[in-house]
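Every number in this text was worked out from the coordinates using simple rules, so none of it is lab data. Remember, it's a predicted structure, so these values are computed and weren't measured experimentally. Neighbour counts are summed over all protein chains in view; Cβ atoms, including those assigned to glycine, are modelled from backbone coordinates with ideal geometry.
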Amino acid sequence: MILNTARLTLRPQHLDDAACLFAILGDPEAMRFWSRPAIARIAVVEEQVREQQEAMASGLCRYWTVLEELEPIGSIDLSLIEGASAELGFLLRRDRWNRGLGTEAAGSVIAHAFGPMGLKRLAAGVMRGNLAAARLLEKTGFARIDSRPVRLAGGVLADCAFYALDRPGG
């Protein structure tokens, strides 16, 4: 399903999106609030995209590539789709930060999740210090419901905030 906003097109992720995703996943600054460090090799991103394609085919996830004027600038997803809930995730290239594009993309995915997909609840997690992601979630209606340390890949503990958004009207 292709989603459109005033400035963006969100289209289902393709295998050939690995190069544009590597520009983000390989950027240490963009990855500083993720559960893993920046990825050093494009082959790792290509494998990740293949795995995401398999998860999409099984119905577990939906991944969209975010396009601005046909240029890939990021990714947004609904993962762990089970029952009537899913987790929202997003990332954008650093040169596209602070322009409202993430909020715009998230709003479109949220509308799709609560509309055609029929989901009732969305969740998201944010590492402490990632004020931009927390702001995006709050601007799109999410409420902070918990905060606690989480063990990340490699055994590192990180403080994380957890957010939820229920479909209006139940």
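Long hydrophobic helices in the chain, taken as whole DSSP H segments with a C-alpha length of 15 Å or more on their own axis and mean Kyte-Doolittle hydropathy at least -1.0: 42-58, 101-114. If only the Cβ of Lys and Arg carry +1 and only the Cβ of Asp and Glu carry -1, the dipole of the range 3-120 around its Cα centre is close to 280 debye.
Hydrodynamic estimate: the Kirkwood radius of the range 111-150 over Cα pairs, inserted into Stokes-Einstein at 4 °C and 1.567 mPa s, corresponds to D of 112 µm²/s.
Using only Cα atoms, locate the centre of the range 19-39 and the centre of the range 130-170, then give the distance between them in Å, rounded to an integer. Spelled out, the Cα-based centre of one part sits 19 Å from the other. For the range 1-67, trypsin sites (Lys or Arg not before Pro) meeting the loop criterion (DSSP other than H, G, I, E, B) and having at most 14 other Cβ atoms within 10 Å: R7, R32, R41. If the segment from V150 to Q48 were pulled out straight at 0.36 nm per residue, it would be longer than the present Cα-Cα gap by 34.5 nm.
In plain terms, if you count all Cα to Cα distances in the chain and split them into 10 Å steps from zero, the share in each step is 10, 39, 41, 10, 0 percent.
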